[in-house]
Amino acid sequence: MTTTDSPLLLIVDDSKMSRMMISRIVANLRPDWRIAEAANSADALAAIEREAPHYVSMDVNMPGMSGLEAAGRIRLHNPEIKIALCTANIQDAVRQAAESAGVKFAAKPITPDSIARMVELFEE
Amino acid sequence: MAFDESGHDEPTLDELQLDALGELFNLGVGRAANSLSLIVKDEVELSAPSISFAYPSQITQALLDSEFKELSMVAMDFSGPFEARAVLLFPERNALAILSHMLDPNMPPEELSEFEQEAMCEIGNIILNACMSALADEFGVEFMGSLPEHHFSDTESLPLFGGDQKEVLLILQIHLSIRQERINGHLLFLLSVSSLHALLTCVDSYLTRLGIR
């Protein structure tokens, strides 16, 4: 049962398939969480202005603004939001840039294990 | 999809199949970026935007601006549940720019070009294998890959695409950036019509297994 007090997770991914997979796994792990979706960075930033989520799962490779840049902007205005970048591209340089901005990493492919790990990162 | 010639069976992919294929290739390209960054010891940005299809005879129009006449390409043949010739293709001067980052940014172009075939094979090996292994892992299947072969070509004569009208090209434009330098290339997968159907069967079982359809 979710209420407006329940934690809100915003899933940002240009792939509908990926959003569905993440949403399904999270709903299973944390049935009380509310889940919102955005298909690109601009929509995500607009959604955050309307209601700031507790957590953001952010794809990196998206048309338009990259997830990395969007994550930086979110951290600037809403430092309390916990963000995990969801990507197969975990290079040291990217990881360091993200970690210095206070952003976590969750490895793609999306699996129950990788999403469980992301949920743990959010709740740390 | 860009199919305007008459007499072809148009492969029709629905939104979810295209989405799934795009994500799987992005996964592969993401892994490849990670490997390439270890080689160039710097951040590599590598992204694969949307998928399109063309017939081999349409490749010149479908792919290449007239400004890019000289091409450097690496091909590998993969066999498994379906067969595909995978080709990584860069405009020649972009290929040299990548090599300069891999080897030594101060090396003069004429020396660089000595290493071009070997180094392009290595890059092709990384990117093409990463894409095919992402498909293999997610589909739960196995592909055998041939050794990479390097070819120089121009847009007028692409010997790898014999113009067999029964084959279809799946095209991904890729953007690669190393140290602020932006390089555009293409990933091509040449599939027979029956292989394309086998690929789509894999995609459908994958989506079914995930409970998405």
Given points 7 Å out from each Cα along the Cα-Cβ axis, report the residue A:50 to residue A:93 separation in nanometres with one decimal. 3.7
For helix B:15-40, what angle does its Cα long axis make with the longest principal axis of chain B, in degrees from 0 to 90 and rounded to 10? 20
Peptide-level mean, for A:110-116, of C-beta atoms on other protein chains within 10 Å: 1
For the protein assembly as shown, what does the equivalent ellipsoid look like in terms of its semi-axes, each the square root of 5 times an eigenvalue of the Cα gyration tensor, given largest first in whole Å? 36, 25, 16
Counting protein heavy atoms only and a 1.4 angstrom probe, how many square angstrom of accessible surface do chains B and A bury in total, to the nearest 100? 1600
Past the 20 angstrom mark, what percentage of all C-alpha to C-alpha distances in chain B do you count? 57
Correct response: the longest run of chain B lacking exposed GluC sites (Glu not before Pro), defined by DSSP loop and at most 10 other Cβ within 10 Å, is B:68-155
Would you tell me the accessible area of residue A:77, worked out with a 1.4 angstrom probe on the heavy atoms of the protein chains, in Å² to the nearest 10? 140
Roughly how many Å² is the accessible area per residue of region A:8-123, as a whole number, for a 1.4 Å probe? 44
FRET efficiency for residue A:116 and residue B:38, using Cβ-Cβ distance with R0 set to 22 Å, rounded to 0.05: 0.20
So how tilted is helix B:109-139 from the main axis of chain B? Cα-based, degrees 0 to 90, rounded to 10. 30
Alpha carbon Rg of region A:8-123, scaled by the compact-globule rule 2.2 N^0.38 Å: 0.94
Using a 1.4 Å probe on protein heavy atoms, which residues of region B:110-141 have at least 10 Å² less accessible area in the complex than alone? B:138
For chain B, with every protein chain kept in place, what is the accessible area per residue (1.4 Å probe, Å²)? 44
How do B:141, A:94 stack up against each other in accessible area, from largest to smallest, with a 1.4 angstrom probe? B:141, A:94
Expressed as a whole percentage, what fraction of the accessible surface of region A:8-123 belongs to carbon and sulfur atoms when a 1.4 Å probe is rolled over the protein heavy atoms? 50
Proximal lysine pairs, the protein assembly as shown, alpha carbons under 27 Å, eight or more residues apart or interchain: 8
Could you work out what % of the accessible surface of chain B is carbon and sulfur, using a 1.4 angstrom probe and leaving DNA, RNA and ligands out of the count? 48
Work out the length of the dipole vector of chain A about its Cα centre, built from +1 on the beta-carbon of each Lys and Arg and -1 on the beta-carbon of each Asp and Glu, and round it to the nearest 20 debye. 180
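The values are calculated or read from the model by the stated rules, or taken from the named source; none is laboratory data. For clarity, every value in this text was computed on a predicted model and none was experimentally measured. When we count neighbours, we look across all protein chains shown, and the Cβ atoms used for this are built from the backbone with ideal geometry, even at glycine. Surface areas here come from the heavy atoms of the whole protein model, side chains and all, with no ligands, DNA or RNA. Shrake-Rupley method; radii C 1.70, N 1.55, O 1.52, S 1.80 Å.
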